[in-house]
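> Structure in structure tokens, see below.
The values are calculated or read from the model by the stated rules, or taken from the named source; none is laboratory data. All figures in this text were calculated on a predicted structure; none of them were measured in a lab. As a convention, Cβ positions derive from the backbone with ideal geometry for all residues, glycine included, and neighbour counts pool all protein chains shown. The area values use the complete protein model at the heavy-atom level, side chains included, leaving out ligands, DNA and RNA. Shrake-Rupley method; radii C 1.70, N 1.55, O 1.52, S 1.80 Å.
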Amino acid sequence: MIEPNPKADLLRYLQEARDALVWKLDGLSEYDIRRPLTPTGTNLLGLVKHVASVELGYFGDTFGRPFFDEQPPTWWYTQDAEPNADMWATPDESREDIVGLYRLAWEHSDSTIAMLPLDAVGRVPWWPEERREATLHHILVRVISDTQRHAGHADIVRELIDGSVGCSQDKGDLPPGDQEWWASYRSRLERVAREVGG
């Protein structure tokens with residue numbers, strides 16, 4: 001019988017989401033990873049920057065382990081940063097800087113997760129005072145959900161850029177089909193949508 005290990009299960013799902021998100025940058029130009037491809041500016045490098053800040057906050061500040069303890073935080077991690085500052089990369093923020101920070105955030109988060117029990121209580125500084133307290137278990141579920149959500153955004157953005165899809169390079173998680181099959185499939189869906197909604 002397999003012994004249940006809830007913390008290891010949660011961490012595995014978090015790592016799968018992290019890896020999927022970072023993989024979406026592979027092989028793309030600087031322009032493509034920064035391109036805003038939705039009306040609200042969603043872009044691949046910005047998604048990675050955002051989830052880095054999510055982990056730094058939830059697994060660092062919430063549990064009294066601030067990542068930016070010895071040095072001042074980067075400009076976009078401060079309370080007086082402009083809206084959406086963590087959702088895009090400035091010209092002087094490189095892919096290496098942001099992905100590197102995200103990987104450091106993983107290490108910091110994983111350290112917090114390893115040292116605390118799932119029922120450890122932290123305080124989320126940016127939540128309303130009356131509900132600031134949350135367990136590590138709750139925070140893990142929240143961050144997994146957020147990271148998976150943004151990995152899904154990245155999947156769609158990457159598909160718009162060059163047609164690459166899926167949650168990892170070596171995982172066939174879509175039905176097999178060549179470009180002609182997918183074009184036919186999409187046309188069929190368009191016909192049904194027009195028929196029903198038109």
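> Restricting attention to region 52-65, which residues are under 13 Å from Glu107 (Cα atoms) and part of a loop (DSSP other than H, G, I, E, B)?
Passing the criteria: Gly60, Arg65.
> Search region 111-148 for residues being in a helix (DSSP H, G or I), among the acidic types (Asp, Glu) and over 22 Å from Gly46 (Cα atoms), and hand back the single one that is most open to solvent (accessible area, probe 1.4 Å).
For region 111-148, the residue satisfying everything is Glu130.
> Leu45 passes all but one of (1) under 18 Å from Ala114 (Cα atoms); (2) open to solvent by less than 10 Å² (accessible area, probe 1.4 Å); which number fails?
All conditions are met except number (1).
> Give just the number: which of (1) part of a loop (DSSP other than H, G, I, E, B); (2) over 21 Å from the mean Cα position of the chain (by Cα); (3) charged (D, E, K, R) does Glu93 not satisfy?
If we test Glu93 against (1) part of a loop (DSSP other than H, G, I, E, B); (2) over 21 Å from the mean Cα position of the chain (by Cα); (3) charged (D, E, K, R), just (2) comes out false.
> Out of all the residues in region 149-160, which are more than 12 Å from the chain's Cα centre (by Cα) and open to solvent by 30 Å² or more (accessible area, probe 1.4 Å)?
Matches in region 149-160: Ile156, Glu159, Leu160.
> Taking Thr90 and the conditions (1) without any contact (Cβ under 8 Å) to a residue 24 or more places away in the chain; (2) touching a helix residue (DSSP H, G or I) at 6+ places or on another chain (Cβ under 7 Å); (3) more than 25 Å from Glu16 (Cα to Cα), which numbered condition does it fall short on, given that it satisfies the others?
(2)
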